[in-house]
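> Structure below; questions to follow.
The values are calculated or read from the model by the stated rules, or taken from the named source; none is laboratory data. Given the structure is predicted, the values throughout are model-derived calculations rather than measurements. FYI the Cβ positions are ideal-geometry reconstructions off the backbone, even for glycines, and counts take in every protein chain you see.
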Amino acid sequence: MPSIRVVTDSACDLPDGLLGELDISMVPLRVRFGAEELIDREELSTKEFWARNARGGALPETSAPSPGAFRQMFDHLAGEGASGVVCVALSSRLSATIEAARQAVSETGAQVPVRVIDSRSVTMGQGLVVVEAAERAAAGADLDEVVAVAERSVSELKVFGVIDTLENMRRGGRIGNAAAMLGSVLAIKPVIEIRDGVVEVESKQRTRAKSLRYLADKVRSAGTLRRLAIFGGDASDLDVLLDLLADVTPTHPLLIGDIGPVIGTHAGPGAVGAAWLPG
C-alpha cells in the first residue's frame, strides 16, 4: 500500500499533539528580534514569543525556511519509506515559504514524488487543509487522491479574524497604509478575511464585543460545517468567542489552538480567528 506523507510549515499553528497523531511533518520558519534569529517552535515557543512581545521593543520579523530545509525533510521521509509527499504551505501571496519548497523539488530533485500545495491561507486555516490531507493519507489514499483532497479544501476554506490593530500588518507589508490608517483614526476593531491568499478588511466594528459577535455570526451563517478551528494570540477573551459558538457542532471535533510566532508577528496580540470547511 502506498505510504503518502504530509509536510507543512510552522505557520499552520497546529498543536504538537495533533501533528504527532496524524504523522504530519513540519518545516519551521524563523523569527528575528533585531539581530537575534530563532527557529520557530524549536528555539522559540509560542508562550515565549508572546512574553517577549509584551515586554515591548521593536516588532519582530519572520523569514522563510531555506530550500535545503525542505529538501532535507523530503529526503528524510523518503528514507522512512514514504512513496510520495504532499507539502501544504503558507499562502504564496504572504510568504516566500512555498517558493523554497518548490525550489527544493525543481532545483535539486527529490527521492520520491513531491507535490507542493498553496494553502492560500494562514494559521489554522492552513492547518485545516493539512489535517484533511493527512487524514486522507492515513486512510491509504494515493498521491493524487491526497492532492485532490487538499486542493478541494483550499477552494472551500474560509478564514476570518478579529485584531486589535492593523499596525503590525501595515509594518510587515501585509496590508496597505490606507486601511491601517483608517482603523487607527476611527479606533475600530477590524474584522479581516483571508481572501484568495491575502489579508482583506472585511468589516469595521466599533467595539471588541461587536467584532466578536460579528465573527460568531459569520461562522453560524456558514451552515453545516465538517471542520471548525478557533484560535487566538495572547487573547484574554478567546473564551468569549468559544461561548458564542458553544452550540455549533462541526462533523469533526472542534480544534482550538494558539496563534504562533509566525502569524502572531503580523496579527499582533489579541488576535482571534475562526477557520472552517463546509459540511
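> Go over the candidates VAL112, VAL86 one by one and state the one that is at pLDDT below 95 and within 17 Å of ILE24 (Cβ to Cβ).
On the way: VAL86 fails: at pLDDT below 95.
Checking each option against the conditions leaves just VAL112.
> Out of contact with any strand residue (DSSP E or B) (no Cβ under 7 Å at 6 or more places or on another chain) and basic (Lys, Arg), is that true of ARG5?
On the way: out of contact with any strand residue (DSSP E or B) (no Cβ under 7 Å at 6 or more places or on another chain): no; basic (Lys, Arg): yes.
Taking the combined requirement at face value, the residue does not satisfy it.
> Can VAL240 be described as over 20 Å from ASP40 (Cβ atoms), part of a helix (DSSP H, G or I), out of contact with any strand residue (DSSP E or B) (no Cβ under 8 Å at 6 or more places or on another chain) and of a type in the set (A, V, I, L, M)? Walk me through it before giving the result.
Numbers: over 20 Å from ASP40 (Cβ atoms): yes; part of a helix (DSSP H, G or I): yes; out of contact with any strand residue (DSSP E or B) (no Cβ under 8 Å at 6 or more places or on another chain): yes; of a type in the set (A, V, I, L, M): yes.
So VAL240 fits the description; yes.
> Can you name the strands (runs of 3 or more DSSP E) wholly within segment 25-118 that have at least 2 residues being more than 26 Å from ARG195 (Cβ to Cβ)? Break it down into steps so the answer makes sense when it comes.
On the way: elements: 30-33, 36-39, 61-63, 84-89, 114-118.
Passing ranges, in order: 30-33, 36-39, 84-89.
> Right, something else. Only residues in segment 35-49 that are in contact (Cβ under 8 Å) with a residue 24 or more places away in the chain count as the first member; pair them with residues that are surrounded by 12 or more Cβ atoms within 10 Å (Cβ to Cβ) and basic (Lys, Arg), Cβ under 6 angstrom, at least 6 apart or cross-chain, and list the lot.
Sorted first by the residue in segment 35-49, then by its partner, the pairs are GLU37/ARG30.
> I need a count of the residues in segment 230-241 that are closer than 18 Å to LEU14 by Cα and free of Cβ contacts under 8 Å to residues at least 40 places away in the same chain. Lay out the reasoning, then the answer.
Here is the first cut: in segment 230-241, the residues closer than 18 Å to LEU14 by Cα are 230-235, 238.
Next cut, free of Cβ contacts under 8 Å to residues at least 40 places away in the same chain only: 235, 238.
Going through segment 230-241 one residue at a time, the tally reaches 2.
> Something else: Could you list, in sequence order, the residues of segment 204-233 that are in contact with a Phe, Trp or Tyr (Cβ under 9 Å, 6 or more places away or on another chain) and in a loop (DSSP other than H, G, I, E, B)?
If the condition is that a residue be in contact with a Phe, Trp or Tyr (Cβ under 9 Å, 6 or more places away or on another chain) and in a loop (DSSP other than H, G, I, E, B), then ALA222 is the only one that fits.
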